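This report refers to the structure that appears directly beneath it.
The values are calculated or read from the model by the stated rules, or taken from the named source; none is laboratory data. All values reported here derive from a predicted model rather than from experimental measurement. Neighbour counts run over all protein chains shown; Cβ positions are idealised from the backbone, glycine included. Calculation scope for accessible area: heavy atoms of the full protein, side chains included, ligands and nucleic acids excluded. Shrake-Rupley method; radii C 1.70, N 1.55, O 1.52, S 1.80 Å.
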Amino acid sequence: QVRLVESGGDLVQAGGSLRLSCAASGSTFNINAMAWYRQAPGKQRQLVATITRGSNTNYADSVKGRFTISRDNAKNTVYLHMNSLEPEDTAVYYCWALVTTTPIAIPTEYWGKGTLVTVSS
(Lines give C-alpha, C1' and ligand atoms only; values in the text may rest on other atoms or scores of the structure.)
Protein backbone atom coordinates (compact mmCIF):
# COMPACT_ATOMS: atom_id res chain seq x y z
CA GLN A 1 0.00 0.00 0.00
CA VAL A 2 0.89 3.65 -0.27
CA ARG A 3 0.80 6.23 2.48
CA LEU A 4 0.72 9.99 1.93
CA VAL A 5 1.58 12.22 4.89
CA GLU A 6 1.14 15.98 4.73
CA SER A 7 2.86 18.51 6.95
CA GLY A 8 3.35 22.25 7.19
CA GLY A 9 -0.14 23.49 7.96
CA ASP A 10 -0.28 26.33 10.43
CA LEU A 11 -1.98 29.55 11.50
CA VAL A 12 -0.64 32.51 9.54
CA GLN A 13 -1.64 36.12 9.05
CA ALA A 14 -2.97 37.39 5.75
CA GLY A 15 -0.13 38.21 3.40
CA GLY A 16 2.08 35.54 4.90
CA SER A 17 3.59 32.41 3.43
CA LEU A 18 3.63 28.70 4.15
CA ARG A 19 5.15 25.62 2.58
CA LEU A 20 3.25 22.36 2.67
CA SER A 21 4.95 19.02 2.14
CA CYS A 22 3.58 15.61 1.30
CA ALA A 23 5.75 12.52 1.47
CA ALA A 24 4.74 9.25 -0.13
CA SER A 25 5.90 5.94 1.27
CA GLY A 26 5.19 2.26 0.77
CA SER A 27 4.85 0.49 -2.58
CA THR A 28 5.69 3.50 -4.73
CA PHE A 29 7.06 1.81 -7.84
CA ASN A 30 6.16 4.89 -9.86
CA ILE A 31 4.39 8.05 -8.76
CA ASN A 32 2.72 9.62 -11.76
CA ALA A 33 0.79 12.83 -11.13
CA MET A 34 0.58 14.48 -7.73
CA ALA A 35 -1.70 17.24 -6.60
CA TRP A 36 -2.97 19.38 -3.79
CA TYR A 37 -6.65 19.80 -3.04
CA ARG A 38 -8.32 21.83 -0.35
CA GLN A 39 -11.62 21.82 1.46
CA ALA A 40 -12.91 24.84 3.33
CA PRO A 41 -15.56 24.49 6.04
CA GLY A 42 -18.95 23.83 4.49
CA LYS A 43 -17.56 23.62 0.96
CA GLN A 44 -16.64 20.90 -1.47
CA ARG A 45 -13.09 19.75 -1.97
CA GLN A 46 -11.46 21.64 -4.82
CA LEU A 47 -8.33 21.17 -6.86
CA VAL A 48 -5.55 23.63 -6.06
CA ALA A 49 -2.62 22.49 -8.21
CA THR A 50 -1.30 19.48 -10.08
CA ILE A 51 2.14 18.36 -11.19
CA THR A 52 3.16 15.52 -13.47
CA ARG A 53 6.24 13.36 -13.02
CA GLY A 54 7.90 15.58 -15.60
CA SER A 55 6.96 18.66 -13.55
CA ASN A 56 4.28 20.05 -15.81
CA THR A 57 2.00 22.08 -13.57
CA ASN A 58 -1.53 23.40 -13.53
CA TYR A 59 -3.25 25.72 -11.05
CA ALA A 60 -6.69 26.80 -10.00
CA ASP A 61 -7.37 30.37 -11.10
CA SER A 62 -7.77 31.44 -7.47
CA VAL A 63 -4.15 30.60 -6.62
CA LYS A 64 -2.31 31.40 -9.85
CA GLY A 65 0.63 33.70 -9.22
CA ARG A 66 0.54 33.05 -5.47
CA PHE A 67 1.06 29.28 -5.09
CA THR A 68 3.75 27.08 -6.60
CA ILE A 69 3.67 23.30 -6.70
CA SER A 70 6.90 21.35 -7.00
CA ARG A 71 8.12 17.81 -6.44
CA ASP A 72 11.25 15.90 -5.60
CA ASN A 73 11.00 12.53 -7.32
CA ALA A 74 14.00 11.16 -5.44
CA LYS A 75 12.21 11.81 -2.16
CA ASN A 76 8.69 10.95 -3.40
CA THR A 77 7.63 14.33 -2.05
CA VAL A 78 5.44 17.10 -3.37
CA TYR A 79 5.42 20.65 -2.06
CA LEU A 80 3.05 23.57 -2.16
CA HIS A 81 4.62 26.96 -1.68
CA MET A 82 1.92 29.44 -0.73
CA ASN A 83 2.55 33.19 -0.79
CA SER A 84 0.31 36.20 -0.26
CA LEU A 85 -2.11 34.07 1.72
CA GLU A 86 -5.66 35.30 2.09
CA PRO A 87 -8.36 34.37 4.63
CA GLU A 88 -10.16 32.65 1.74
CA ASP A 89 -7.25 30.17 1.56
CA THR A 90 -8.25 28.78 4.95
CA ALA A 91 -8.93 25.08 4.46
CA VAL A 92 -7.72 21.56 5.06
CA TYR A 93 -5.18 20.84 2.34
CA TYR A 94 -5.02 17.29 1.02
CA CYS A 95 -2.30 15.58 -0.94
CA TRP A 96 -3.27 13.29 -3.84
CA ALA A 97 -1.12 10.97 -5.87
CA LEU A 98 -1.59 8.59 -8.78
CA VAL A 99 0.68 5.66 -8.02
CA THR A 100 1.72 2.49 -9.77
CA THR A 101 2.69 0.04 -7.05
CA THR A 102 4.28 -2.65 -9.26
CA PRO A 103 5.49 -2.79 -12.89
CA ILE A 104 2.21 -4.38 -14.00
CA ALA A 105 -0.21 -2.65 -11.66
CA ILE A 106 -2.88 -0.23 -12.76
CA PRO A 107 -2.28 3.33 -11.47
CA THR A 108 -4.31 3.93 -8.33
CA GLU A 109 -5.31 7.12 -6.54
CA TYR A 110 -4.25 7.75 -2.97
CA TRP A 111 -5.09 10.52 -0.54
CA GLY A 112 -3.43 11.94 2.53
CA LYS A 113 -5.37 12.80 5.68
CA GLY A 114 -4.87 16.55 5.29
CA THR A 115 -3.18 19.44 7.02
CA LEU A 116 -4.99 22.53 8.27
CA VAL A 117 -4.08 25.98 6.99
CA THR A 118 -5.71 28.90 8.77
CA VAL A 119 -5.21 32.44 7.49
CA SER A 120 -6.25 35.23 9.85
CA SER A 121 -7.25 38.68 8.65
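Averaged per residue, the chain has 54 square angstrom of accessible surface, using a 1.4 angstrom probe with ligands and nucleic acids left out. Along the axis of the charge dipole computed for the chain (Cβ charges of +1 for Lys and Arg, -1 for Asp and Glu, origin at the Cα centre), the listed residues 95, 33, 84 are led at the positive end by 33.
Each Lys or Arg adds one and each Asp or Glu takes one away; over the other residues whose Cβ falls under 14 Å from the Cβ of residue 119, this sums to -2.
Only the Cβ atoms of Lys and Arg (+1) and of Asp and Glu (-1) were treated as charged; on that basis the dipole of the chain about its Cα centre amounts to roughly 200 debye. Each of 52, 116, 68 was placed along the dipole of the chain (beta-carbon charges, centred on the mean Cα), and the one lying farthest toward the positive end is 52. Split the accessible area of the chain by element, probe 1.4 Å, and carbon with sulfur accounts for 49%. Modelled label positions at residue 62 and residue 17, each set 7 Å beyond Cα in the direction of Cβ, lie 2.3 nm from each other. What you get for segment 18-84, charging only the Cβ of Lys and Arg (+1) and of Asp and Glu (-1), is a dipole of about 120 debye around the Cα centre.
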